[in-house]
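The values are calculated or read from the model by the stated rules, or taken from the named source; none is laboratory data. Not measured: the values here are computed from a predicted model. Here the Cβ is made from the backbone with ideal geometry for all residues, glycine too, and neighbour counts use every protein chain on show. Keep in mind that these areas ignore ligands, DNA and RNA; they rest on the heavy atoms of the full protein, side chains included. Shrake-Rupley method; radii C 1.70, N 1.55, O 1.52, S 1.80 Å.
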Amino acid sequence: MKIKEGRVCVGELPVAEIKKKLVTDGLRIKIGPFNTSLNSSINSVFQHVKELYSAFPLVKEDEIIDFYVRLEPTSSLRRWVRPQVNFSFDGYHPFLPLPLIQAGAMFEWGLNWCIANYSHQYLIVHAAVIEYKGHAFIFPGSPGSGKSTLCAALAENGWRLLSDEMGLISLLDYQLYPVPRPISLKNESIEVIQKYSRNAVFGQTFLDTAKGTLSHLRPSNEAVYQKDISAKASKIIFPKYKKNSNTDLKPITKASTLLQLADNTFNYSVLGKTGFDTLTEVVDNADCYEFTYSNLIEAIEKMDYLCD
Amino acid sequence: MINFEQPLITFLRSVNHNQTGQFVYNVEFTELLIRQARRANLLARVAFLLKELELFHKLPKKGRDHLQNALTVALANERSVNVEIREIYKLLSRQRVPIIILKGSAYIWASKSASKGRVFADVDIMVLKKDIDLAEKIFAQHGWLPSKAFDCYYQKYYRTWMHEIPPLKHKRRGTELDVHHTIIPPTSKLKPDPNEFWTEAQLISEFPGLMVLSSVDMILHSATHLFHEGEFDNGLRDISDLDLLLSETMENDADWEGLIKRAKKLGLCRPLFYALRYTSIFLKTPVPEKIIRKINCYSPGFLGERIMDCLMLRALMPNHSSCDDLWTGLARWLLYIRSHWLRMPLYLLVPHLLRKSWMRLTGKSLD
Amino acid sequence: MFLCSEVELCFKYWDSECVVYNVLSGDTYLFDSLSANLLDVLSQKSLTQSQLISTIVHFSSTNTICNAESFFVDWQKRFQKMELIEIED
């Protein structure tokens, strides 16, 4: 499982060593372009990392850590009644505590928060980004749009995952930079993907979260190994899952795409005019569509067709 | 034992004494500098200073990225403040309500050196006490709503005992606004005459009716805010602001004498004593010897100084695990209690703190 | 007539639409190209009503002054409400 640059990955470490690092000086993982140091004494966090991050390379000693994160049980009286977990970013707690059993999911949400708040060298779009034959597709989407299901199915179909939640567009070269991570799927989508792909590996299932039932699909090793390979945005497609609908791909204007994309950009107001210029450049060079679907197989065929 | 040999503190001290070239910006130093600065809300300032001193290129790439990102956020903050102040000015000037801009917003509008890399969560303004009700009405009519659902108790807390209407939030833009009518709660022991601030306020030329405090009053306000308001998450940031304001404003002996004279007039010598003491301890701000002797008359005495040092020297360190010792948590908590004690008489303080604890225990929180 | 002082605009045109960005506030708008063109010329200098109406005739397929005038009236109302333009007294 060794990849380039002489890096060791998480899965190559003995289990005892992973556990030790988690409770001492931190398990230091490279997640896309971000060096993350994770500390946690919680067993389910260890399991989450072991199941879903084994292909991820470790950070070397002489590299700067971007995010120091910690997941620990809360120390209040509630610990004995309904135990909870706290997420902290270098000592700062951005969230209220969650039930202890959701610790693995909290790690993922916490990482989303870190990236969205501290990575303004990128324009960060709330979107799934996936690539095939040199074409990168951006699927911006609000919850319920079906973008994660579509993204997961494409990833299981040989497309390269760049991200399921956060499209990173460099302000310097307007390319999309990968941050391949476990894909979060909710409710019916979990079963849909399990049926679609026998090889799909899922982590823990979290019940009763704020978003319903949640589970994470392990990203392919290839996606993780190619995390340094950027891609140019070829298509911007706004997906909409609608039960019993036909598969319908409709071109939309670049102007309305720009506006909708700005609405879906985490750090649009922080970046000011640079954000506007970057989005303009990306939209100018991409084909833009709205996409309604209900049948996953047909949807994938349509996406494959767009690549030819 | 407090250890001042931390990357953030040694860096800021070195800026004061032109010794920034001494550091090796390797991975270890750079990473800890960034972590401490981020927790102290000083990352943008450090970035600004490194650029100003042409040292930015010496840092490893990831370090440059984090520093640049902090500057990006600071610039966005500045744009936002400009929009807000213009909007607020448009609304209040129509009704001829004069405004003094306070704190961070004022540093930016008055182009003070303390504006360098300054980031802040809300806009603070002061109006005359007679205009406070009118101001509240105007804001309510133009999209400014209470930022949280305050019950009757907290409404009274803010209006009667503090010196502001409950914090407001703009429903569309999301920015937060605090409207004061003096700089310290009327219930506190210090009682500077608010009219004095208006008398010395500096006008902003293109905006009649819009003002900032005089440079000396900005220093005294910052000192009073820090040492009586009890918010130490931004403690070192406020020390840094004071350091920059002092360096910029105090050019000669006459300026220093003027500062002491003004502090005496406003009854703010004790906060000034603390300000000068802790800026010189933390950042080695150059304060003339004879000024130190003069302001020492307003010290809380030998025991008071030792106790305050014990608490302040911990609380003002960056709020980062690398700077904590065993007593840091306790020190911050004691200062929090103290700040309430300074603002409220005892008969109000105890029920207030009990109520806050109850809200927290039952899972409700106003924070 | 001129742009409001708190307004500094960037324009990106695609066919019959234009995305307009206010650099000072970060507000982003989608307008038809003609409406955006009027803002664009105003961002360079202030113009009188009749000058703006001539601009409408010049840029669009509206070849009667009457249609241009009616377009202008709607445009002015809309953009004044958005606080993007101001009329000189």
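Inside segment A:35-48, can you point out the residues that are away from chain B (no Cβ under 14 Å) and either in contact (Cβ under 8 Å) with a residue 60 or more places away in the chain or under 13 Å from A:Phe89 (Cα atoms) (or both)?
Of segment A:35-48, the ones away from chain B (no Cβ under 14 Å) are A:38, A:40-48.
Scanning segment A:35-48 gives A:Leu38, A:Ser40, A:Ile42, A:Ser44, A:Val45, A:Gln47, A:His48.
Could you tell me whether any residue of segment A:270-279 is within 14 Å of chain C (Cβ to nearest Cβ), open to solvent by 60 Å² or more (accessible area, probe 1.4 Å) and either under 23 Å from the mean Cα position of the chain (by Cα) or more than 21 Å from B:Leu75 (Cα to Cα) (or both)?
Taking every residue of segment A:270-279 in turn, none turns out to be within 14 Å of chain C (Cβ to nearest Cβ), open to solvent by 60 Å² or more (accessible area, probe 1.4 Å) and either under 23 Å from the mean Cα position of the chain (by Cα) or more than 21 Å from B:Leu75 (Cα to Cα) (or both).
Run down C:Phe59, C:Phe31, C:Phe2, C:Phe79 and say which single residue is aromatic (Phe, Trp, Tyr), surrounded by 17 or more Cβ atoms within 10 Å (Cβ to Cβ) and more than 14 Å from chain A (Cβ to nearest Cβ).
Details: C:Phe59 fails: surrounded by 17 or more Cβ atoms within 10 Å (Cβ to Cβ); C:Phe31 fails: more than 14 Å from chain A (Cβ to nearest Cβ); C:Phe2 fails: surrounded by 17 or more Cβ atoms within 10 Å (Cβ to Cβ).
After ruling out the rest, the residue left standing is C:Phe79.
For segment B:215-245, what are the residues that are within 19 Å of B:Lys265 (Cα to Cα), open to solvent by less than 20 Å² (accessible area, probe 1.4 Å) and either out of contact with any Leu (no Cβ under 7 Å at 6 or more places or on another chain) or not small (Gly, Ala, Ser) (or both)? Even if it seems obvious, please write down each step before you answer.
Kept after step one, since they are within 19 Å of B:Lys265 (Cα to Cα), are these residues of segment B:215-245: B:215-225, B:227-228.
Keeping just the survivors that are open to solvent by less than 20 Å² (accessible area, probe 1.4 Å) gives B:217-224, B:227.
Matches in segment B:215-245: B:Asp217, B:Met218, B:Ile219, B:Leu220, B:His221, B:Thr224, B:Phe227.
Are there any pairs with C-beta distances below 6 angstrom linking a residue in segment B:23-42 that is within 9 Å of another protein chain (Cβ to nearest Cβ) and closer than 10 Å to B:Gly63 by Cβ to a residue that is among the charged types (D, E, K, R) and outside any helix (DSSP H, G or I), with the two at least 6 apart or on different chains, and if so which?
If the second residue must be among the charged types (D, E, K, R) and outside any helix (DSSP H, G or I), the pairs left are B:Val27/A:Asp62.
State all residues of segment B:43-70 that are within 11 Å of chain A (Cβ to nearest Cβ) and open to solvent by 20 Å² or more (accessible area, probe 1.4 Å); if no residue qualifies, say none.
B:Pro60, B:Lys61, B:Lys62, B:Arg64, B:Asp65, B:Gln68
Based on this model, can you work out whether C:Asp15 counts as closer than 22 Å to B:Glu87 by Cβ and acidic (Asp, Glu)?
Details: closer than 22 Å to B:Glu87 by Cβ: no; acidic (Asp, Glu): yes.
No: the conditions fail for C:Asp15.
Taking the conditions exactly as written (surrounded by fewer than 20 Cβ atoms within 10 Å (Cβ to Cβ), out of contact with any Pro (no Cβ under 6 Å at 6 or more places or on another chain) and within 11 Å of chain B (Cβ to nearest Cβ)), does A:Tyr68 satisfy them or not? If you could, list the steps in order and put the result at the bottom.
Values: surrounded by fewer than 20 Cβ atoms within 10 Å (Cβ to Cβ): no; out of contact with any Pro (no Cβ under 6 Å at 6 or more places or on another chain): yes; within 11 Å of chain B (Cβ to nearest Cβ): yes.
Spelling it out, it is not the case that A:Tyr68 is surrounded by fewer than 20 Cβ atoms within 10 Å (Cβ to Cβ), out of contact with any Pro (no Cβ under 6 Å at 6 or more places or on another chain) and within 11 Å of chain B (Cβ to nearest Cβ).
Filter segment C:5-28 for residues that are more than 7 Å from every other protein chain (Cβ to nearest Cβ), outside any loop (DSSP other than H, G, I, E, B) and over 13 Å from the mean Cα position of the chain (by Cα); which is surrounded by the most Cβ atoms within 10 Å (Cβ to Cβ)?
Top of the filtered list is C:Asn22.
Taking the stated definitions as given, is B:Ser222 of a type in the set (S, T, N, Q), at pLDDT 90 or above and touching a helix residue (DSSP H, G or I) at 6+ places or on another chain (Cβ under 6 Å)? So that I can check it myself, show each step before the final result.
Values: of a type in the set (S, T, N, Q): yes; at pLDDT 90 or above: yes; touching a helix residue (DSSP H, G or I) at 6+ places or on another chain (Cβ under 6 Å): yes.
When the stated conditions are applied, B:Ser222 passes them.
Results for (1) out of contact with any Pro (no Cβ under 7 Å at 6 or more places or on another chain); (2) closer than 16 Å to A:Thr36 by Cβ; (3) small (Gly, Ala, Ser); (4) assigned to a strand (DSSP E or B), shown as yes or no for each residue.
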residue	(1), (2), (3), (4)
A:Phe95	yes, no, no, no
A:Ala103	yes, yes, yes, no
A:Cys114	yes, yes, no, no
A:Asn117	yes, yes, no, no
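Please tell me if B:Leu102 is closer than 27 Å to A:Tyr268 by Cβ, among the hydrophobic types (A, V, I, L, M, F, W, C) and out of contact with any Lys or Arg (no Cβ under 7 Å at 6 or more places or on another chain).
On the way: closer than 27 Å to A:Tyr268 by Cβ: no; among the hydrophobic types (A, V, I, L, M, F, W, C): yes; out of contact with any Lys or Arg (no Cβ under 7 Å at 6 or more places or on another chain): yes.
When the stated conditions are applied, B:Leu102 does not pass them.
Which of (1) closer than 26 Å to B:Asn234 by Cβ; (2) open to solvent by 50 Å² or more (accessible area, probe 1.4 Å); (3) out of contact with any helix residue (DSSP H, G or I) (no Cβ under 6 Å at 6 or more places or on another chain) is the odd one out, the single condition B:Phe139 does not satisfy?
(2)
Taking interchain pairs and intrachain pairs at least six residues apart, which have beta carbon atoms under 9 angstrom, with the first residue in segment B:91-105 and without any contact (Cβ under 8 Å) to a residue 12 or more places away in the chain and the second open to solvent by less than 20 Å² (accessible area, probe 1.4 Å)?
Filtered contacts from segment B:91-105: B:Arg94/B:Ile138.
Here are A:Glu61, A:Glu51: which of them is within 14 Å of chain B (Cβ to nearest Cβ), acidic (Asp, Glu) and either in a loop (DSSP other than H, G, I, E, B) or closer than 20 Å to A:Leu111 by Cβ (or both)? Please lay out each step first, then the result.
Details: A:Glu51 fails: within 14 Å of chain B (Cβ to nearest Cβ).
Answer to the selection: A:Glu61.
The rows are residues; the columns are (1) open to solvent by 30 Å² or more (accessible area, probe 1.4 Å); (2) among the charged types (D, E, K, R); (3) within 14 Å of chain A (Cβ to nearest Cβ).
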residue: B:Ile260; (1), (2), (3): no, no, no
residue: B:Ser280; (1), (2), (3): yes, no, no
residue: B:Asn319; (1), (2), (3): yes, no, yes
residue: B:Pro351; (1), (2), (3): yes, no, no
